[in-house]
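The values are calculated or read from the model by the stated rules, or taken from the named source; none is laboratory data. Since this is a predicted model, take the numbers as computed values, not measurements. So basically every Cβ, Gly included, is an ideal-geometry build from the backbone, and we count neighbours across all protein chains shown. Each accessible area value is taken on the protein alone, full model and side chains, heavy atoms only, with ligands, DNA and RNA left out. Shrake-Rupley method; radii C 1.70, N 1.55, O 1.52, S 1.80 Å.
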Amino acid sequence: MKSDVRGCAVLDAPGRMMPQGCAQAPAEVWAPQDQLLGAVRAARELGLKRGEFARAVQLGLVRAGPRGPSGAARFTRGELDRVRAGEGFPQALRARVETVAGADAAAEVLGVGPSRLTRLARCGHLTPIGYRINRYRAVVWLYLAAELREFAVREPGMLRGIASPEDRELIAARADLRPRAWRGRHVGLLLRRTADPWERAAVLASVLPEEEVRAVVPDPAERIVLAALAPPPPYGHPQLAAAAAVALPLLRAQDPDEIHWYRTSLDFALTGARGQSKSTGERGPT
């Protein structure tokens with residue numbers, strides 16, 4: 001799979017890479033006495049809109065601290081100070097989380113027509129950062145504006161001329177790599193936000209169809225742990241049932257080789273998680 005994303009990737013099904021697209025944030029460090037703030041307050045103190053703040057957390061630009069009793073994310077005063085001390089704050093931070101929705105808006109940033117933008121994305125050259133479901137129950141993909149601009153500078157040849165033989169083959173097969181590319185990126189970002197082996201296993205399990213999880217995890221007690229630790233739907237996932245039904249397939253691996261990759265990754269993650277449980281005498285995260 002081709003990618004416009006540099007710096008972060010995990011191995012995909014044989015011989016390819018699944019783009020992840022963010023700089024890995026260092027492990028969170030906080031002092032017990034550090035003040036903890038909710039997401040709304042933290043966003044306000046950073047001068048970010050709700051969507052901008054959610055994207056900054058997703059990308060690891062703002063690191064969450066220990067969760068509250070309800071499970072809601074909280075953020076330390078020290079972390080907000082670190083972000084504010086960044087070069088060019090707040091304009092630089094806003095530029096990194098700016099998104100555009102749909103082919104028309106993304107094509108304008110890239111300086112091409114919507115049809116070429118769609119072709120580049122369907123063939124795996126551009127990786128969405130998110131999605132939303134419009135009123136016609138169609139998927140609208142979101143892209144990071146900064147990545148589109150970087151792609152235009154890095155790959156000017158793809159913005160003009162005819163498609164490559166590889167792309168023509170994908171077009172003829174009516175392939176659309178956007179859902180798979182987004183899933184790979186989403187999983188990679190989630191994995192980078194936790195070092196706990198059971199939470200990492202839960203992230204991988206969340207992408208697999210239920211029958212595949214049962215096959216990899218035959219122990220019902222372990223499946224309960226993974227379900228309890230499963231990440232919530234991504235920011236922008238619809239709440240209305242009709243729209244959520246459209247979005248649900250985006251959350252699950254589809255192709256056999258993609259399913260195989262996540263199954264293998266889950267099995268490997270569970271080996272480490274079970275080893276931790278044996279060493280502590282407890283099942284699940286410690």
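Annotation: residue 72 fulfils all but one of (1) modelled with pLDDT of 95 or more; (2) under 20 Å from residue 186 (Cα atoms); the unmet one is (1). Go through the residues of the stretch 228-239 one by one and say whether even a single one is hydroxyl-bearing (Ser, Thr, Tyr), part of a helix (DSSP H, G or I) and within 30 Å of residue 134 (Cβ to Cβ). No, because not a single residue in the stretch 228-239 is hydroxyl-bearing (Ser, Thr, Tyr), part of a helix (DSSP H, G or I) and within 30 Å of residue 134 (Cβ to Cβ).
Residue by residue, here is whether (1) within 26 Å of residue 140 (Cα to Cα); (2) in contact (Cβ under 8 Å) with a residue 40 or more places away in the chain holds:
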| position | (1), (2) |
| --- | --- |
| 153 | yes, no |
| 185 | yes, yes |
| 190 | yes, yes |
| 196 | no, yes |
| 202 | no, no |
| 215 | no, yes |
| 221 | no, yes |
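Taking the stretch 11-56 as the range and being at pLDDT 90 or above, open to solvent by 20 Å² or more (accessible area, probe 1.4 Å) and among the hydrophobic types (A, V, I, L, M, F, W, C) as the test, the residues that pass are 36, 39, 40, 54.
In the set 147, 108, 155, 166, only one residue is acidic (Asp, Glu) and within 29 Å of residue 64 (Cβ to Cβ); that residue is 147.
One residue stands out in the stretch 126-181 among those that are more than 23 Å from residue 249 (Cβ to Cβ) and basic (Lys, Arg): the one that is surrounded by the fewest Cβ atoms within 10 Å (Cβ to Cβ), namely 160.
Within the stretch 245-260, one or more residues are β-branched (Val, Ile, Thr), touching a residue at least 60 places away in the same chain (Cβ under 8 Å), part of a helix (DSSP H, G or I) and closer than 29 Å to residue 143 by Cβ.
Here is a yes/no grid of residues against (1) over 30 Å from residue 228 (Cβ atoms); (2) outside any loop (DSSP other than H, G, I, E, B):
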| position | (1), (2) |
| --- | --- |
| 66 | no, no |
| 72 | no, no |
| 82 | yes, yes |
| 108 | yes, yes |
| 116 | yes, yes |
| 131 | no, yes |
| 135 | yes, no |
| 148 | yes, yes |
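Has the stretch 93-112 got any residue that is among the basic types (Lys, Arg), closer than 21 Å to residue 51 by Cβ and surrounded by 13 or more Cβ atoms within 10 Å (Cβ to Cβ)? Yes, some residue in the stretch 93-112 is among the basic types (Lys, Arg), closer than 21 Å to residue 51 by Cβ and surrounded by 13 or more Cβ atoms within 10 Å (Cβ to Cβ). Filter the stretch 57-92 down to residues that are without any contact (Cβ under 8 Å) to a residue 12 or more places away in the chain, open to solvent by less than 70 Å² (accessible area, probe 1.4 Å) and not small (Gly, Ala, Ser), then give me how many there are. Qualifying residue count, the stretch 57-92: 1.
From the list 223, 214, 200, the lone residue that is farther than 30 Å from residue 135 by Cβ, basic (Lys, Arg), modelled with pLDDT of 95 or more and buried (at least 20 other Cβ atoms within 10 Å of the Cβ) is 200.
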